Amino acid sequence: MSIVKLKIIFDDNVVRAYGDMISRDPLKLNVRLPSSLPFNEAITTQINFFEAGQNKIYEVKPLRYTGNTLELSVIKELPAKSDRSHYRIGYNGYFRIKKITGDPTPYYQEVKNINEGIKNSLSYKIKSVISKEIPQMQYVLWYLFELDNKIDEILEILKEEKKLNADYIKIKTIDISGGGFSFFSESKDFNVNDIFFVDGLIDDGSIKIRFASISRVVSRHETKKGVICGTVFEEIDNDIRENIVKYVFDKDREMLKEAKNL
């Protein structure tokens, strides 16, 4: 059986999962999904798998989901992508953004300053050495890491009002990669080639990655509920980008491991 990656795009979200291909014709997958998932409301559904050493992507249509068995029909084959930095996973969170109008130069410098400050923070330095220490020291470092995170959370609350008064808006993130992210907004006031300053925080339990970036909208899909936009990072620190890439691949391996245990 082939391992298959499933992506279901809705009006305001994208659901991703791994599964096993039970049969190719008819196309059936063994995959764990919420039983209440409204397949009939999906904008589009895609599957991604390797066949004869080649990466294959197809647009498909869900027919029925019984137990853990999902039956699909193939609509068409899509062009495959293999760029490591643009490999995406689902991430539902919130970033703050500010649209840039006029000369963007000051924002590029601000991104560099903020990311340098993040890399010089105590929590960033602790994370970079934890795996190299003996277990006893790792416990101490994790404690310091969590303590520093709590301080950051308090500071975040204190500066929230100031940021909101500085023309920042919150957007709902859908996925993340080392190359950019996608988001949903009820406001349709976003267009391809819009650029904005991003105050981002990936917060996934013990994993926290804060970053600043300049991002550009490269795709826009209007839905019944708003718009789904895809972005690329035009300016972001390379070390922080690598941390995002590592997070993406670690989460992807976790999803793959869960699928193999179905």
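The values are calculated or read from the model by the stated rules, or taken from the named source; none is laboratory data. Keep in mind the model is a prediction, meaning the values are calculated, not measured. Glycine also receives a Cβ, built like all others from the backbone with ideal geometry; neighbour counts cover every protein chain displayed. Just the protein is used for accessible areas: all its heavy atoms, side chains included, with ligands, DNA and RNA removed. Shrake-Rupley method; radii C 1.70, N 1.55, O 1.52, S 1.80 Å.
Average accessible surface for the range 200-262: 49 Å² per residue, computed with a 1.4 Å probe over protein heavy atoms with every protein chain in place. Taking amide hydrogens as placed 1.01 Å from N in the peptide plane, the amide H of residue 22 sits under 5 Å from those of 28, 29, 30, each at least 5 positions away in sequence or on another chain. Packing, as the average of other Cβ atoms within 10 Å across residues, places the peptides 43-55, 194-206 in the order 194-206, 43-55, highest first. Residues whose amide H falls under 5 Å from that of residue 223, counting only those 5 or more places apart or on a different chain, are 228, with hydrogens built in the peptide plane. Among the listed pairs 56/208; 7/224; 112/208, those whose Cα-Cα separation exceeds 29 Å are 56/208. Among the trypsin sites (Lys or Arg not before Pro) in the range 197-258, those located in a DSSP loop and surrounded by at most 16 other Cβ atoms within 10 Å of their own Cβ are 224, 225. In a simple Cβ point-charge model (Lys, Arg +1; Asp, Glu -1; nothing else charged), the range 1-117 has a dipole of about 120 debye relative to its Cα centre. The residue 108 and residue 203 beta-carbon pair, evaluated with R₀ = 41 Å, returns a calculated FRET efficiency of approximately 0.95. Each peptide in 21-30, 179-188 gets a packing score, the mean of other Cβ atoms within 10 Å over its residues, and the list from highest to lowest is 179-188, 21-30.
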